[in-house]
1. Could you tell me which residue out of Ala109, Ser284, Phe272 lies farthest along the dipole of the chain toward its positive end? Charges go on the beta carbon: Lys and Arg +1, Asp and Glu -1, centred on the Cα centre.
2. In the range 11-82, with Lys and Arg counted as +1 and Asp and Glu as -1 at Cβ, which of these residues, Ala56, Ile36, Phe18, has the Cα nearest the positive end of the dipole, that is, farthest along it?
3. Where does helix 43-56 land angle-wise versus the long Cα axis of the chain, in degrees 0 to 90, nearest 10?
4. Which value results for Rg/Rh of the chain when Rg is the Cα radius of gyration and Rh the Kirkwood radius based on the inverse mean 1/r?
5. Give the angle, between 0 and 90 degrees and rounded to the nearest 10, that separates the Cα long axis of helix 129-139 from the longest principal axis of the Cα atoms of the chain.
6. Please state the relative contact order of the chain as a whole percent: Cα pairs under 8 Å, 6+ residues apart?
7. Let me know the charge dipole size of the range 121-274 about its Cα centre in debye, to the nearest 20, where only the beta-carbon of Lys, Arg (+1) and Asp, Glu (-1) is charged.
8. Provide Rg and Dmax in Å for the range 11-82, with only Cα atoms included in the calculation.
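The values are calculated or read from the model by the stated rules, or taken from the named source; none is laboratory data. Given the structure is predicted, the values throughout are model-derived calculations rather than measurements. Here the Cβ positions follow ideal geometry from the backbone for every residue, glycine too, while neighbour counts run over all protein chains shown. Just so you know, the surface numbers come from the protein's heavy atoms only, side chains and all, with ligands and any DNA or RNA stripped out. Shrake-Rupley method; radii C 1.70, N 1.55, O 1.52, S 1.80 Å.
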Amino acid sequence: MSNAAALAAPSARREFDFTHADHQAISRIVYDALGILLPEGKAQLVYGRVAPRVRACGLGSVAAYLKQIADDDDERDRMLDALTTNHTSFFREAHHFEDFSERMWPKLAQRLTSGGRVRLWSAACSSGEEPYTWLMAALGADKSAAQRLLKGDLRLLATDVSPSVLETARAGRYSADTLRTVPAKLRSTWIDSRLTVDPLLRDAISFRPLNLLGAWPMKGKFDAICCRNVMIYFDEPTKAKLQSRLADHLETGGMLYIGHSERLSPDVAKRFDCVGRTAYLKVSA
Ligand SMILES: C[S@@+](CC[C@H](N)C(=O)[O-])C[C@H]1O[C@@H](n2cnc3c(N)ncnc32)[C@H](O)[C@@H]1O
């Protein structure tokens, strides 16, 4: 391998050849499909995630794998899935759920009781901890009261581009370690002895595959949207476009919650009041 082709970690320590050109080709595919940036500093991460796929396909190099995915859309999708970062947890950035429960939930619960509809969206929900947290935090530990509200027209749409995390989310079964950040009262109300989320909560959530860069089939607007810790992987134009679409899909008076290190682009920020830590109230269409 030429010097120009060698990447940071010595290829001798790698099972498969992985050149600078291979990294660039993979980054381009991922950026075009998902908007995710994988600069050279992420070469080790890229190799670590792609190598198991090269092995599973019985190939000898990343270059051979790139040739294979050129004609094999299913394998290309498996590579894209492997290259998403799905880190999440129950009650992550819990201040958002506190804000929602105080600011929005009383009037939304009232609306449900009087026959109205409530629509929530967890965009980039990963393995489901975020949407389950959201409902647990809003409904609290009074299961009978929650049951009455869940009979109303409440839907939480939870979407992600990764099929593997959506499978975990739908199953709603987690390890004891994953569940340790759920407050004890909520845990005893909503998680059973098999460490599975109560079907009452699961049935209120629609888990669907959705690429945030692609077409969105949803017609109606949402009362609140969580789109947290996904925009960090995108460049500025992609973030601005996504934020503008999220704003379009939110009711005026609705809330948008974004991740702790994310910011609204100046044009989109004009449509919102910042009312808490990365918590935005939509004030104009
Ligand atoms: C770090 S997780 C964040 C999960 C959760 N929102 C949270 O804050 O804990 C980022 C998620 O974004 C998803 N993702 C990345 N690019 C995406 C895209 N273009 N469309 C939809 N989801 C995407 C990944 O599959 C991953 O599950």
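1. The residue sitting most towards the positive pole is Ala109.
2. The Cα lying farthest towards the positive end belongs to Phe18.
3. The answer is roughly 80 degrees.
4. Computed over Cα atoms, the ratio is 1.02.
5. 10 degrees
6. Once divided by the residue count of the chain, the mean separation gives 16 percent.
7. 280 debye
8. For the range 11-82, the Cα-based Rg and Dmax read 11.1, 31 Å.
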